[in-house]
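**Student:** If you scroll down you'll find the structure; I have some questions about it.
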Ligand SMILES: Nc1ncnc2c1ncn2[C@@H]1O[C@H](COP(=O)(O)OP(=O)(O)OP(=O)(O)O)[C@@H](O)[C@H]1O
Ligand SMILES: [Mg+2]
């Protein structure tokens, strides 16, 4: 992909992103404005902007080193931004970070678990730090540890597997029932069963109206959980919106293959489709087959293609995956370092 096409593609995504819609800004619980972070002259976060609606799950998706954790660490007041600001609820990150601390729960990428304490004592310790009463904290700890499938263990956390520590960290971030929850790679290192427990739990949290921000480099996770997501690369947001928005604004990646009973049928269909805006390319193949590059997404498919076909033998539609979109935007695989 050459640089010009790359830039055009990126600007398509940003134009269709929800920065430019007409939603009243009071709907947003978080607004990130030109946030930047330098480490000794190296720009880890490069002037990023995004907005998060109250009660939604917003993912930051990007490869290793993209700047996800640095962004989360700034928003959770652990790291001071080099420049820029964010509004979190009614508070400015720059000027009122102490007010922000009590609103948020944080599960950092590296587990912060006290090895000498039991799971219960770990959760209770965090609860007491947040000023909860002994009774409240006991009750809450029991519920959370049961949900995380690590209740009733009397041994200290140093005997826990990595996956158990991860789930304990998650419970610790939730003890004070925060309004806003930050999860940095919540399922990293979990086996599929534990990952499912965490996904189900995150779905359940969403029903309580909690706003959740998570980072991941797992496409399936971003796809399964996000209301909106920002794709981050080299410290910049390169696409933002719902998974569907991002797929819909994909350049020409959706592929439709249609085969016909006769050449006449094929020619007729080609004439019907070649002037449709969302059809980017039509290739006539052997065995009366048309291969179409289509930019309309699954929703536009019926309107733009299916309704225009009088007859066909077989039809196969494939939407671009997030993985393919990421590849087009960055020219790199997501898992590459
Ligand atoms: N404290 C630090 N000092 C110097 N460089 C740092 C520091 N923290 C992060 N970086 C660098 O900033 C860049 C972004 O790092 P960050 O941890 O935010 O990426 P990430 O998207 O969370 O990656 P991963 O998926 O591996 O967790 C990386 O190049 C990293 O090496
Ligand atoms: Mg990280």
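The values are calculated or read from the model by the stated rules, or taken from the named source; none is laboratory data. Quantities reported herein were computed from a predicted structural model and do not represent experimental measurements. Cβ coordinates were reconstructed from backbone atoms using ideal geometry, including for glycine residues, and neighbour counts include every protein chain displayed.
**Student:** Cβ-Cβ under 7 Å, sequence separation 6+ or interchain: first residue in the range 125-146 and under 18 Å from residue 115 (Cα atoms), partner in a loop (DSSP other than H, G, I, E, B). Which pairs?
**Tutor:** Hits for this filter: 125/114; 125/117; 126/175; 127/175; 127/176; 141/175; 145/151.
**Student:** While we're looking at this one, here's another question. Of the conditions (1) surrounded by 15 or more Cβ atoms within 10 Å (Cβ to Cβ); (2) modelled with pLDDT under 95; (3) more than 15 Å from ligand 1 (Cβ to nearest atom), residue 98 satisfies every one except a single condition; which number is it?
**Tutor:** That leaves (1) as the condition not met.
**Student:** Name the residues in the range 58-94 that are on the phi > 0 side of the Ramachandran plot and more than 10 Å from ligand 1 (Cβ to nearest atom), would you?
**Tutor:** Those that are on the phi > 0 side of the Ramachandran plot and more than 10 Å from ligand 1 (Cβ to nearest atom): 77, 84, 89.
**Student:** In this structure, does residue 72 turn out to be away from ligand 2 (no atom under 16 Å from the Cβ) and either touching a strand residue (DSSP E or B) at 6+ places or on another chain (Cβ under 9 Å) or assigned to a helix (DSSP H, G or I) (or both)?
**Tutor:** no
**Student:** For residues that are in contact with a strand residue (DSSP E or B) (Cβ under 6 Å, 6 or more places away or on another chain) and assigned to a loop (DSSP other than H, G, I, E, B), scanning just the range 161-185, find the one that is farthest from residue 128 (Cα to Cα).
**Tutor:** 185
**Student:** Mind telling me which of the residues 65, 55 ends up being modelled with pLDDT of 50 or more, assigned to a loop (DSSP other than H, G, I, E, B) and within 17 Å of residue 229 (Cα to Cα)?
**Tutor:** 55
**Student:** Determine if the range 39-55 includes at least one residue that is crowded, with 19+ Cβ neighbours inside 10 Å and within 20 Å of residue 198 (Cα to Cα).
**Tutor:** No, there is no match, as no residue in the range 39-55 is crowded, with 19+ Cβ neighbours inside 10 Å and within 20 Å of residue 198 (Cα to Cα).
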